[in-house]
Every structure is written in structure tokens, then in C-alpha cells.
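Below is one structure, written out as C-alpha cells; comments come after it.
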């Protein structure tokens, strides 16, 4: 009787309702065990303060000067509008020139076209407004057209001059930079660390490009791509040849230190040849100041005291 009674009691506990309740409880327990823990209110509030910042952008924007907040955006809109009125045949070439010039003023190619048109309007319109009435209509029209054309061409000439100066600065700094890169790599530094070492040593166009390339590498860009973009931004043939040799050595598994050593020797030879070329051109360049500046002053000093005597002699002959 005892075993039968125990069996009946056990059968009572394992009814379908009891089984369902136990399954629900087990599911809830598993859910609570696997569910992510609730953040502490202090930590949650701190994270929310980083994500939700009401009025933060407005505060930063309003702390800027009136020129940066209002004048410059309006000026850029005007440049974009004026640039959209001109033909866009050489837009890519203009953008490349701006990149090689160091992106002055963060101008885009369309902004630069608008700047050319704006300066042309200011030159021509300014002359016609202030000086056009003082001359005849034909003369005023001629001068207005000349100033308008000059104002339109001046930004392009200024940009090309800036590109030449920047390329010259890169070319002057390249031999010393390659020497220091070679020494750093041979001393055991990685190539990126050697670039940063050179960038910390000098503050010129080339060191700025080195810092930018290293920053691109650190955010995930491949080293070869970052170096190629650096060569494209400068437009210097010697730097492009150095980057090509470096990329080729990496692909072939050659030693970077050996490639740097060879490139540094080649750049020193080119720098010496360039100095000799400039020295040979010095005589030709000195002709203009000698003929037009130095010789007239020498003639005045040497012949000046004798001029009154010669003039008196000829006057005596006349009498």
C-alpha cells in the first residue's frame, strides 16, 4: 500500500498543468541568465550625456567669429554660383593644380572658377565706375576689357606660381629628408616611424606631406596607396620616382634601407647638378642689372665731374 500511495502522489505532481508551469519557469530562468545586465544608472546617464548633447553643435558654431559663421559661407556660395556660370572643360586640371598648390583656402575647382569671374568683374567694373567717365568712351571700353581679361587671368597665373614654389620647396627638402630616412631605417626604425621622425625634424611642405601620409596609414589606408596619393598631391617627378621605387621594392621583397640609400645618393647627385646649372645661368641673369642699373650709375660717377668742363669747352668754341 505504501508504494501505491507514493506512486499516486508522484503522479499528482506531474500533471500537465504542473509540467507547463515548470517549463515556463525554466524558460524565464534561462532568459534572465542570458539577458544583458542592466547598466548602473550613473554609467547609463554618463553614456547618454556623450550621445545626446542638445545644443552642443549650436554652442560650438556660435563661439566662432561672425566672419567664419556668416561672411565666409556667403562668399563661398557666391563663388559656387559664379563658377556654375562658366564652362567646365578644364575642371579636373584646375582641381589637380589646386591640390598641387596645397589647396589654398580649401577652394574647390568650381570655387576657383567663380573667384576668377569675380575678380574680373571687380577689375573691369571698378575701373568703369571710378575712372571710366574721365576718358573717352572708346578708351574706357578698351581699358575695361583689358582689366577684365587681366582680372580673369590673374588667379590662374597666381595658382601656377604657387604650384611652382611648392614643387621647388619639396625638391629642395627631398635630399635631406631621404638621408634622414635612410639613417632612421638603418638604425632599426620602421618606415612609418622614420617618416614621423623626418616630419618632427623639419616644418616644411614635404614634412607636412609625410605627416599626412602617416595619418592615412594609421586610419587604415595601405602604405602604397598613401604614398601614391602623396606623390600625386605634390606633382614632383623626383618624389614620384622615389615612391615608385619604394613600392616596387616592397612588392619584390627588397630591403627598404637599400632602396632608400640608393635614392638618397641619386638625389644628392641631382641636387649637385641643379646647383651647377643655376651657377651657369647666373652670368646670363646678371646682364640686366649690370646694363640697366650698375653701368648707368658708374657712368654718372666717372663722367659726371667732367661734363661741366666739356660743356664749357664747347661753349668757348661757339663764341
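Some notes on this structure:
- Förster radius 25 Å - calculated FRET efficiency between residue 224 and residue 90 (Cβ-Cβ, nearest 0.05): 0.25
- Taking label points 7 Å from Cα along the Cα-to-Cβ direction, residue 275 and residue 215 give a separation of 3.4 nm.
- Residue order, fewest to most surrounding Cβ atoms within 10 angstrom, among 299, 127, 154: 299, 154, 127
- Ordered by the number of other Cβ atoms lying within 10 Å of each residue's own Cβ, fewest first, 217, 254, 298, 230 fall into the sequence 298, 254, 217, 230.
- Sequence of 203, 179, 265, 111 once ranked by neighbouring C-beta atoms within 10 Å, starting from the fewest: 203, 265, 179, 111
- Each principal axis of the Cα atoms in the stretch 166-287 has its own extent, and those three values, largest first, are 55, 25, 24 angstrom.
- Estimated distance in nm for a label pair at residue 66 and residue 164, the labels positioned 7 Å out from Cα along Cα-to-Cβ: 4.1 nm
Where a number appears in this text, it was derived from the coordinates with a stated rule and is not lab data. Everything numeric here is computed off the predicted structure, so don't read it as measured data. Glycine also receives a Cβ, built like all others from the backbone with ideal geometry; neighbour counts cover every protein chain displayed.
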